Amino acid sequence: MDRIRDIEIGIKSIKTLDDRIELENEIEELSTSYTLEIYGDYEGLFYKRQIGLFLDTLSELYNKVHNIFMERKYDSMPFVIINWEDLKRIIGEEDANLIFDIFNDELDKFIFDNAYFTWPDYMYKTIDCSYESKLKFATMRDAKHVRKIYLDSFKDSFNVCFLNLTEDQLDELDIYTYCIDIFTLHHCVVCGGW
């Protein structure tokens, strides 16, 4: 009974696919040991029958653990995704860096994580103009406000450097919505990424 209670408690703490597999293996191990106990010798038939009743409980627990991610809601957060590489390609590196500098100064007022980089040594509170920025915010309001700051930075830089964009560049910027968009991303239980 104690091991079954531990498994039931363990179901609540499943966060990743590895957690699920580990708990499934524990259930299978317990089920195998109970089965061996039942079909061993003839002593203690009453207790063996009681153990046999637990096998059905273990089967139900296994199914519950196995299907945990189909029943549980995924973690989701609003993200502002900025494709700096496309922006550099469309308007040029010098002008993209100017937009980045204006935007980055304003971004310091917000709490965010840059989930584009997954290695642990990277500072998640910074952005880099060399890569895509995948900025995670606590609320959709913050994400929309940051998008507005980006678009304002874009307009400010046009006024400062008097960019002479061609019709093709303007069309491409319109298609890409100035290389920025807001998405609600979901946390993947397999890879741990967004």
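The values are calculated or read from the model by the stated rules, or taken from the named source; none is laboratory data. Not measured: the values here are computed from a predicted model. Heads up, the Cβs are rebuilt from the backbone with ideal geometry, glycines too, and the neighbour counts pull from every protein chain shown. These accessible areas exclude ligands, DNA and RNA; they are computed on the full protein's heavy atoms, side chains included. Shrake-Rupley method; radii C 1.70, N 1.55, O 1.52, S 1.80 Å.
Things to note:
- Selection of the stretch 69-119 for residues being of a type in the set (S, T, Y) and in contact (Cβ under 8 Å) with a residue 40 or more places away in the chain yields Y74, S76, T118.
- The stretch 66-103, subset hydrophobic (A, V, I, L, M, F, W, C) and open to solvent by 50 Å² or more (accessible area, probe 1.4 Å), residue modelled with the lowest pLDDT: M70
- Of all residues in the stretch 135-178 being in contact with an Asp or Glu (Cβ under 8 Å, 6 or more places away or on another chain), open to solvent by less than 50 Å² (accessible area, probe 1.4 Å) and farther than 15 Å from P78 by Cα, the one that is modelled with the highest pLDDT: I149
- When the stretch 30-54 is limited to residues that are loosely packed, with under 15 Cβ neighbours inside 10 Å and at pLDDT 85 or above, the one that is farthest from C188 (Cα to Cα) turns out to be S33.
- Condition check for D121: modelled with pLDDT under 85, surrounded by 15 or more Cβ atoms within 10 Å (Cβ to Cβ) and not in a strand (DSSP E or B): no
- Cβ-Cβ distances below 7 Å connect the following pairs, each with a first residue in the stretch 178-194 that is assigned to a strand (DSSP E or B), a second residue that is surrounded by fewer than 16 Cβ atoms within 10 Å (Cβ to Cβ) and at pLDDT 75 or above, and a separation of six or more residues or different chains: I182/K144; T184/S76; L185/S76; H186/D75; H186/S76.
- Residue, surrounded by the fewest Cβ atoms within 10 Å (Cβ to Cβ), within the stretch 1-29, restricted to residues that are under 23 Å from L53 (Cα atoms), modelled with pLDDT under 90 and among the hydrophobic types (A, V, I, L, M, F, W, C): M1
- Among residues of the stretch 47-68 that are in a helix (DSSP H, G or I), those with a beta-carbon under 6 Å from a residue that is modelled with pLDDT of 90 or more and among the aliphatic types (A, V, I, L, M) at least six positions away or on a different chain give the pairs L58/I27; L61/I27; Y62/I27; V65/L23.
- Selection within the stretch 179-194 - surrounded by 13 or more Cβ atoms within 10 Å (Cβ to Cβ) and of a type in the set (S, T, Y): none
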